[in-house]
1. For segment 144-181, which residues satisfy the criterion of being more than 23 Å from the chain's Cα centre (by Cα) and among the acidic types (Asp, Glu)?
2. With the condition being at pLDDT 90 or above and polar (S, T, N, Q), I'd like the helices (runs of 4 or more DSSP H) fully within segment 1-57 carrying at least 2 qualifying residues.
3. Any residue in segment 152-167 that is crowded, with 16+ Cβ neighbours inside 10 Å and either of a type in the set (D, E, K, R) or at pLDDT below 90 (or both)?
4. Give the residue that is surrounded by the fewest Cβ atoms within 10 Å (Cβ to Cβ), with candidates limited to residues of segment 97-150 that are among the small types (Gly, Ala, Ser) and farther than 19 Å from Gly167 by Cα.
Amino acid sequence: MILSSKIMPKQIFSIDYIFNHFNKNDQMIAYIHEHPQLYAELITASLSLSHKQAWRCAMLLGHMMKKNDVSLLKYVDRYIECLSKIKNHDGHQRQLLIILDKMRLNEVQEGKLFDSCMTIWEDIKKIPSTRIRAFWMLLKISDNYPELKEELLHFTTDYYTNTLSPGIKVSFTREVRAKLS
């Protein structure tokens, strides 16, 4: 007599699986640690201009990565390029800025990032959390190029700060005084 055995469906490990089955970052991160083959997919999706979960992939990377993460070094230029191409996904831009903030950049990369961050900051219709993250990057880069600090002062007028929330405006004012004065 032959016993029929149930064939178990092969589990597919994918980024979409993570977002459909987990709702907490620590659960998602643990799952990726258990399935390290997903890390490359996470990077690819975070760089996508069309992946519906690109911002969440970038967010997870931002939570998982170490400062100047070796596994992301070769993607820095692509992250900067992606940042400038994203137009209507402020959350994705913010998450890419978080990744880039943790990376050591060369002079050319800093120049490109400065330009992208300035474009984000100047767009007063963008959400305040993305704009302020871009401005923090501008301040960080200006630490290496003091001549930029005077230029940045021009971009701290009411025109640029009126759309910030009251809490963000307070920390912005405090930080600007400390860094640019």
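The values are calculated or read from the model by the stated rules, or taken from the named source; none is laboratory data. Predicted, not measured: the structure shown is a model, and the values here were computed from it. Glycine gets a Cβ as well: all are built from the backbone with ideal geometry, and neighbour counts include every protein chain shown.
1. Scanning segment 144-181 gives Glu147, Glu150, Glu151, Asp158.
2. Output list reads 25-34, 38-46.
3. No, segment 152-167 contains no residue that is crowded, with 16+ Cβ neighbours inside 10 Å and either of a type in the set (D, E, K, R) or at pLDDT below 90 (or both).
4. Gly111
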